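Okay, so here's the structure we're looking at.
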Amino acid sequence: MFLPLLSVLLLPVAYAEVKVIEADSAYVMSDNDSKIDARRIAMQEVKRKALELAGTYIESLTEVKNYELTKDEVRTYTSGIMETEVVTEQMRGTADHPEIYIKARCKIDTDVLMKLIEHYRDSEDLKEQLEASAKESEALRKERDDLVRQLAAEKDKGKAEETRKKLDTALAKEETHDDTTRVWTNLAYKLGEDDKNGHEIQQAELDNSAIVLERAITVNPQNQRAHILLAVIYQKKGDYASAENELRTVIQHNPSNPIPHMRLGILLRQTGRYEEALREFHFVERLRPHNLMMLYYTGMTLRDMKRCGRSVQYLHKFLKDERSNRFPKYQDRALRSIEVCTEPGAHQRKISQD
């Protein structure tokens, strides 16, 4: 069980945009607890407390108020960039009631945070994943707390061992969820919808991120964000078969989720499978007829198929949407495609791809 213990310190540091939060937490072990799991539980709790306090501070910033972000959005963004360092770890209490005490120092670069928020505000799909991450995080925390209570109350040693195994699995899911959030926060906007978005990503960053995500999927095969991110990384590395497999796995588990359908359509278009790509975009269209990227990619895919009339219709819808102003490169491509498509004899020529 947790003691009602929490100390927090906002420390001034050399650079004004970096905030440091110190939080501590104590976990009293029951007869059925292992020291390893007790430490993992205490660590999750101290990070949660630090994150809540960091979120309260960040919500007060003018930029965040202007963005009109929810508390869940703020906390999910922050958890992805918060650096946590254990500064004190002690076993204390009594022989009958030992407790593990952890004090951690967490750093948040608000300048980096604001840049990330600016990137993610531009993507409807990324914002949806943000909401899903917040809900999943809360569900995993509740699962862990329920199992902790069950374990403390269990008198039967055999049943206690089974509960301890469930708790170990729940903690692994929670830890890999945190890892996925960090990868997602720092990498997803760089990958974006288009492979040619201009962000330089080192091969080592892709490889290390893939390792983290592969572990997350091993621990929790239902981690949809990990599957989707891993698919984009595989696509970036040119492993299209693995990328397609990850996306189809997500679709199999949640066929009504438009995000993997959108990503699969982009992958299929990139590999020249235009009819299949179009089916995926039309699926997204039925659910979200005003999805900006769906309009763009449907138009560009129809252009690739020399169906210029329909292509121009979708690209005009894309350009008329004010949100397209956030994507000047896409606007330029759409305008060029419309210009080429409306030239005499366009349907008889091969139109160069972007």
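The values are calculated or read from the model by the stated rules, or taken from the named source; none is laboratory data. Only a predicted model underlies this, so the values are computations on that prediction, with no experimental measurement involved. All Cβ positions, even for glycine, are placed from backbone atoms using ideal geometry, and neighbour counts span all protein chains on display.
Output the number of residues of segment 293-336 satisfying the condition of being in contact (Cβ under 8 Å) with a residue 12 or more places away in the chain, within 19 Å of Gly272 (Cα to Cα), of a type in the set (Lys, Arg) and not in a loop (DSSP other than H, G, I, E, B).
Total satisfying the criteria: 2.
Could you pull out the residue among Arg310, Arg288 that is at pLDDT 95 or above and either over 23 Å from Glu343 (Cα atoms) or not assigned by TED's automatic domain parsing to the domain that holds His261 (or both)?
Details: Arg288 fails: at pLDDT 95 or above.
Within the list Arg310, Arg288, the selection yields Arg310.
On the given criteria, is Glu59 without any contact (Cβ under 8 Å) to a residue 24 or more places away in the chain, surrounded by fewer than 19 Cβ atoms within 10 Å (Cβ to Cβ) and touching a helix residue (DSSP H, G or I) at 6+ places or on another chain (Cβ under 7 Å)?
Answer is yes for this residue.
Which pairs do you get when a residue that is farther than 23 Å from Ala153 by Cβ, found in segment 16-44, comes within reach of a residue that is among the acidic types (Asp, Glu) and assigned to a helix (DSSP H, G or I), reach meaning Cβ atoms under 7 angstrom, with the pair 6+ apart or on two chains?
If the second residue must be among the acidic types (Asp, Glu) and assigned to a helix (DSSP H, G or I), the pairs left are Glu17/Asp111.
Report those helices (runs of 4 or more DSSP H) wholly inside segment 190-285 carrying at least 1 residues which are of a type in the set (Asp, Glu).
In segment 190-285, 203-219, 240-253 are the helices (runs of 4 or more DSSP H) which contain 1 or more residues that are of a type in the set (Asp, Glu).
Could you tell me how many of the residues in segment 62-91 are touching a residue at least 24 places away in the same chain (Cβ under 8 Å), assigned to a strand (DSSP E or B) and not aliphatic (A, V, I, L, M)?
Of the residues in that region, 4 qualify.
Can you report the number of residues in segment 72-111 which are among the hydrophobic types (A, V, I, L, M, F, W, C) and surrounded by 16 or more Cβ atoms within 10 Å (Cβ to Cβ)?
Qualifying residue count for the region: 8.
Going through Leu140, Leu116 one at a time, which residue ends up being modelled with pLDDT of 85 or more and of a type in the set (A, V, I, L, M)?
Just one listed residue meets the conditions, Leu140.
Write out, first by first residue and then by second, each pair whose Cβ atoms fall under 8 Å of each other, whose residues are 6+ apart or on separate chains, and whose first residue, in segment 103-117, is assigned to a strand (DSSP E or B) while the second is surrounded by 18 or more Cβ atoms within 10 Å (Cβ to Cβ) and among the acidic types (Asp, Glu).
Filtered contacts from segment 103-117: Lys103/Glu22; Lys103/Asp24; Ala104/Glu22; Ala104/Asp24; Arg105/Glu22; Cys106/Glu22.
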